[in-house]
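These notes concern the structure reproduced below.
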Amino acid sequence: MATVVEMSMADFLLYALLAGVAVALVSGPLGAFVVWRRMAYFGDTLAHSALLGISLGVLFDINLNLAVVLCCVALAVGLVAMQRQQWVPTDTLLGIMAHSSLSLGLVAVSLLDNVRIDLQAYLFGDLLAITPEDLQWILLGAVTVLLMIYWLWQPLLAITINEELAQVEGISVARYRLALMLLIAMVIAGAMKLVGVLLITALMIMPAAAARRLANTPEQMAIFASLLGTLAVCGGIALSWLIDTPAGPSVVVSALAIFILIFATPRRSR
Amino acid sequence: MAHADLARLENISVKVGNKQILSSINLPLHDDCITTLIGPNGAGKSTLVKVLLRLMKPTEGKVWTRPNLRIGYMPQKIQIDRTLPLNVKHFLQTPHGYSRTEIEAALVDVGASHLLNYSIHDLSGGEMQRALLARALLRKPDLLVLDEPVQGVDINGQTELYKLITEIRKRRRCSVLMISHDLHLVMASTDHVICLNTHVCCSGHPETVSADPAYIELFGASHAATLALYNHHHNHSHDLHGDVVHGDCCGDEHG
């Protein structure tokens, strides 16, 4: 009896671990871009809007993952369009959009009283409730996003270094900006189940910020961010499993610990 | 000089809000020519260049460039976020993936070969300019566009840079469009000067001053050799708002 229980527990722990590692691997390079391009607020706004995606998905009976991706993509396109108009979204505007979309989503969900949605899971993630199907989608998504990042790395880096130079050298800055937003939107949709909408940005930026201390090239920073994120996920899952804390915040606390450790070590040279 | 056109600004006007920044500019850029653009602050020089590089859309008018024209652009300065760990080699490589040999050659060309492994954030103003120039040269440009390359540089640095640009033009046979911050003194090898203040006020050729004793006394022979004097010939002046006031005007005063 005990063996059967242990085996199934090991299973879902394994799924959680694999899913978490997959998300950490993609969050590394994307998080690096979020840090370099000062997009933390953008990322946050996209993440908050994911909950609106959930309620729209429930309302129109669409697959929830798909609804979230569509909602994030729509918002990403809107934000890029606003940037193009030189109408650069200020912190205030982003804050308004982030919290409005989250609240709209929450209000809409509460009105649908024939449906029960576990809000806690969406806000903070439910890493240990990953099903094999979820895992398949997450792994597929992670591989796709990693391939896209690899393929688009040079032009994305070029527009991050300096947009004017990139534009003059023939790179379509708007197109790549949009591509980056879309990749971030996809990762948010995927990571939502793991760490929840409120904490996804943290998982992206904390490992990347810590990696800055260790890296000498942009590629190094992206790779270290992935590795540190993986460590954070493992630590978070361990914490959640051992002392029954919610998965999402546990992962972020892990990431915080890693961040502090790295910044506490005396610096040798840049 | 019958040189083919590399690019043409045709009737370009730029209006931002209520402010007219450029007004009906017609400007051809010839092959194998060094053109210097001068004008007071706020004249629209940088805007003109941005329109030429298609970084900005004009309110009216058209930009024509020769097909497959390769442009190398050296901006005045750029800001690179400190969170991005980047050395000069990496900066020059992204995104075109030039080989180490090509990069080293470009840095040698601009006299900055020691900068290869420096962090881009640790460069001084002058060093950053050389890195930007190296980047522009790596494009193997037909047209080199330089935005105030000697602004904030001392007389020695300026002379060196002018000599460098002249040499690069000769060796690589490219055209140069340079924005100068000085209203009267331009690079000696300039073929054509354009004076801009929202519109083209005057244009022409500069005079070399390498043999002029007054200049030699003021700057020294080697510096004077790299400079040329441009005499303005306006038939109008500008009031405080920048609007044109027609009438006889002294030759080289600038409103």
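The values are calculated or read from the model by the stated rules, or taken from the named source; none is laboratory data. Predicted, not measured: the structure shown is a model, and the values here were computed from it. Ligands, DNA and RNA are stripped out before the accessible areas are found, and what is left, the full protein with its side chains, is counted by its heavy atoms. Shrake-Rupley method; radii C 1.70, N 1.55, O 1.52, S 1.80 Å.
For the reader, a short list of remarks on this structure follows.
- The interface between chain B and chain A buries about 2200 Å² of solvent-accessible area in total (1.4 Å probe, ligands and nucleic acids excluded).
- Coarse-grained scattering of the protein assembly as shown at q = 0.05, 0.06, 0.09 Å⁻¹, given as base-10 log I(q)/I(0) from a Debye sum over alpha-carbon atoms: -0.28, -0.40, -0.76
- With 29 Å as the limit on Cα-Cα distance, the pairs of B:LYS50/B:LYS163; B:LYS19/B:LYS77; B:LYS15/B:LYS170; B:LYS140/B:LYS163; B:LYS77/B:LYS140 that go past it are B:LYS15/B:LYS170.
- Alpha-carbon centroid distance for the pair the range B:100-154 / the range A:210-270, whole angstrom: 37
- Counting protein heavy atoms only, the range A:149-248 has 67 percent of its accessible area on carbon and sulfur, 1.4 angstrom probe.
- Unit Cα scatterers, Debye sum, the range A:116-167: log10 I(q)/I(0) for q = 0.20, 0.26 Å⁻¹: -0.78, -0.96
- On Cα atoms only, tilt of B:125-138 relative to the major axis of chain B in degrees: 80
- Per residue, the Cα convex hull of chain A amounts to 140 Å³.
- Derived scalar couplings between HN and Hα for the range A:127-144 equal 3, 7, 10, 5, 8, x, 5, 3, 4, 4, 5, 5, 5, 4, x, 4, 4, 4 Hz in order, rounded to whole Hz, by the Karplus curve 6.51 cos²θ - 1.76 cosθ + 1.60 (θ = phi - 60°), x for Gly and Pro.
- Amide H to amide H, with H built 1.01 Å from N, B:ASN87 comes under 5 Å of B:ILE120, counting only residues 5 or more places away or on other chains.
- The protein assembly as shown - mean residue ellipticity at 222 nm from DSSP helices (-39,500 (n - 2.57) per run, n ≥ 4, rounded to 500): -18000 deg cm²/dmol
- Estimated D of the range A:155-226 in µm² per second, where Rh is the Kirkwood radius over Cα pairs and Stokes-Einstein applies at 10 °C, 1.306 mPa s: 116
- Extension gain for A:ALA74-A:GLN154 works out to 26.2 nm (0.36 nm per residue, less the C-alpha to C-alpha distance).
- Think of a 1.4 Å ball rolled over the protein heavy atoms: the protein assembly as shown then has 47 Å² of accessible area per residue.
- Amide hydrogen neighbours beyond the local backbone of B:ILE21, cut-off 5 Å, H modeled: B:VAL14, B:LYS15, B:VAL16
- Panel values: the range B:93-149, Kirkwood radius from alpha carbon pairs, Stokes-Einstein at 25 °C and 0.890 mPa s, translational diffusion coefficient 210 µm²/s.
- Residues whose amide H comes within less than 5 Å of that of B:VAL145, counting only those at least five positions distant or on another chain, are B:GLY72, B:TYR73, B:MET74, B:LEU177 (H built at 1.01 Å from N in the peptide plane).
- Using alpha-carbon coordinates, inclination of helix B:100-109 to the longest axis of chain B, degrees: 40
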